[in-house]
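*Asks:* Let me give you the structure first, and then I'll get to my questions.
The values are calculated or read from the model by the stated rules, or taken from the named source; none is laboratory data. Because the structure is predicted, anything quoted here is derived from the model rather than measured. Backbone-built Cβ (ideal geometry, glycine too); neighbour counts: all protein chains shown.
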Amino acid sequence: MKYKHEIRRAFVSSLPVFAGYIALGFGFGVLLSTQGYGAIWALFMSVTMFGGSMQYAAVDILADSVSLLSAAITTLIINARHLFYGISLIEKYKGTGFKKIYLIHTLTDETYSLVCADQLAVGVKNKHLYYFLVSFFDHCYWILGCTLGAVFGSNVSFNSEGIDFVLTALFLTIFVEQWMSNSDRTPAVIGVCSAVLCTLIFKENMLIPTMLIILVALTVLRFVRRDKYDT
Amino acid sequence: MTHSEIIHSVLLVLVMALVSFLLRAFPFIVFSGKKETPKFVTYLGKVLPYAIIGMLVIYCVKDISFASVSNFLPYIIAGAVVVLLHIWKRNTLLSIIAGTLSYMMLVQLVF
């Protein structure tokens with residue numbers, strides 16, 4: 001097969017997301033089915049929305065049958081951080097043509113981390129295909145997990161307590177790798193410190209204030225160290 | 001569900017999907033085409049992943065309760081396994097699998 005190498009690398013890179021998405025997706029499917037929405041809804045939502053925390057919130061949105069406007073606003077708030085993810089991928093995704101629409105649609109926290117983790121793609125020739133496959137595999141795992149959860153509901157129980165740590169481990173590993181392979185650690189420190197600070201103040205609503213502080217701090221950083229970054 | 005309830009639910013899902021997509025697409029729409037991306041945006045694109053992945057790590061562990069040992073100790077131990085193993089071997093998959101297995105064993109068997 002012509003693209004065997006890209007397929008294998010994308011599959012291996014996305015394995016941690018497989019474990020995490022099957023588990024989290026399954027949980028979503030179970031929750032959704034308790035509200036009277038079956039597998040076809042889990043399939044529909046995971047294909048079109050593709051977002052972890054957003055779909056969990058959507059269960060309540062559907063159950064309460066809120067207005068379209070209020071659903072839009074809730075989505076805006078929960079997914080606001082995604083507004084900034086694409087900034088890092090403008091160059092990487094340049095020239096992907098029609099594939100770009102799908103690459104954008106599948107840009108979750110996990111997909112973003114994988115495509116930003118350059119160490120995972122070392123030696124991959126067709127990078128665009130690799131990014132596409134990683135995104136596609138992530139999407140498939142999520143669809144599979146959500147749908148299976150809704151099909152089996154709470155009838156199935158396998159002792160998988162703690163499996164969701166796999167996504168924490170994924171972010172942590174990529175963080176450590178970036179820390180080790182980069183001499184400039186200030187942006188990483190800014191991210192961690194603002195997140196800790198905002199968690200203490202805003203608890204579970206920490207994402208938006210954290211993103212804002214990160215943006216301000218990185219802007220200040222550029223002006224303070226203009227000589228370094230203006231090359 | 002009645003007919004109109006189903007239609008409203010479908011519309012709700014489509015609205016949520018559309019807003020999710022537009023948020024993700026925003027930078028690509030604004031900085032598209034042949035014109036050169038502003039230097040400041042290129043700079044942000046370069047440094048943001050480091051900050052965002054740091055944020056996501058904290059986001060994952062934000063519900064830790066330091067009041068309960070059985071809650072926070074598995075996180076600390078498994079987190080240390082991930083970090084130390086990765087510094088030692090620098091094998092992404094190995095660090096993730098070992099960390100997750102140790103976390104699962106800790107919460108299921110020990111605490």
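*Asks:* Confirm whether residue A:75 is crowded, with 24+ Cβ neighbours inside 10 Å and either outside any helix (DSSP H, G or I) or β-branched (Val, Ile, Thr) (or both).
*Replies:* yes
*Asks:* Of all residues in region A:201-228, how many are among the hydrophobic types (A, V, I, L, M, F, W, C) and within 22 Å of residue A:57 (Cβ to Cβ)?
*Replies:* Pass one, region A:201-228, residues among the hydrophobic types (A, V, I, L, M, F, W, C): A:201-202, A:206-208, A:211-218, A:220-221, A:223-224.
Imposing the further condition that a residue be within 22 Å of residue A:57 (Cβ to Cβ) reduces the set to A:201-202, A:206-208, A:211-212.
Going through region A:201-228 one residue at a time, the tally reaches 7.
*Asks:* Would you check which residues across region B:1-42 are more than 25 Å from the chain's Cα centre (by Cα), among the charged types (D, E, K, R) and within 21 Å of residue A:101 (Cβ to Cβ) and list them?
*Replies:* Listed by number, the residues that qualify are B:34, B:35.
*Asks:* Another one. If residue A:153 passes every condition in (1) at positive phi; (2) part of a helix (DSSP H, G or I); (3) surrounded by 18 or more Cβ atoms within 10 Å (Cβ to Cβ) but one, which one does it miss?
*Replies:* Status for residue A:153: all satisfied but (3).
*Asks:* Only one of these conditions is not met by residue A:188: (1) more than 8 Å from chain B (Cβ to nearest Cβ); (2) under 17 Å from residue B:50 (Cβ atoms); (3) hydrophobic (A, V, I, L, M, F, W, C). Which number is it?
*Replies:* Checking residue A:188 against (1) more than 8 Å from chain B (Cβ to nearest Cβ); (2) under 17 Å from residue B:50 (Cβ atoms); (3) hydrophobic (A, V, I, L, M, F, W, C), the one that fails is (1).
*Asks:* When residues of region B:19-57 are filtered for being within 7 Å of chain A (Cβ to nearest Cβ) and closer than 17 Å to residue A:78 by Cβ, how many remain?
*Replies:* Total satisfying the criteria: 10.
*Asks:* Still on this structure, I have one more. Testing residue A:7 on (1) hydrophobic (A, V, I, L, M, F, W, C); (2) farther than 24 Å from residue A:101 by Cα; (3) part of a helix (DSSP H, G or I), one condition comes back false. Which one is that?
*Replies:* The single condition residue A:7 does not satisfy is (2).
*Asks:* Would you mention how many residues in region B:17-75 are among the acidic types (Asp, Glu) and within 26 Å of residue A:114 (Cβ to Cβ)?
*Replies:* Residues flagged as among the acidic types (Asp, Glu) and within 26 Å of residue A:114 (Cβ to Cβ) within region B:17-75 amount to 1.
*Asks:* Same structure, new question: Taking only region A:85-104 into account, find how many residues are in a helix (DSSP H, G or I) and surrounded by 20 or more Cβ atoms within 10 Å (Cβ to Cβ).
*Replies:* Adding up the residues that qualify gives 7.
*Asks:* Shifting gears a bit: In the list B:30, B:57, B:10, which residue meets the criterion of being modelled with pLDDT of 90 or more and either aromatic (Phe, Trp, Tyr) or crowded, with 16+ Cβ neighbours inside 10 Å (or both)?
*Replies:* None of the other options fit; the residue is B:57.
*Asks:* What single numbered condition from (1) over 18 Å from the mean Cα position of the chain (by Cα); (2) facing chain B (nearest Cβ under 7 Å); (3) not charged (D, E, K, R) fails to hold for residue A:198?
*Replies:* All conditions pass for residue A:198, except number (2).
*Asks:* Can I ask one more? Count, please, the residues in region B:95-111 that happen to be within 19 Å of the chain's Cα centre (by Cα) and exposed (fewer than 15 other Cβ atoms within 10 Å of the Cβ).
*Replies:* 0
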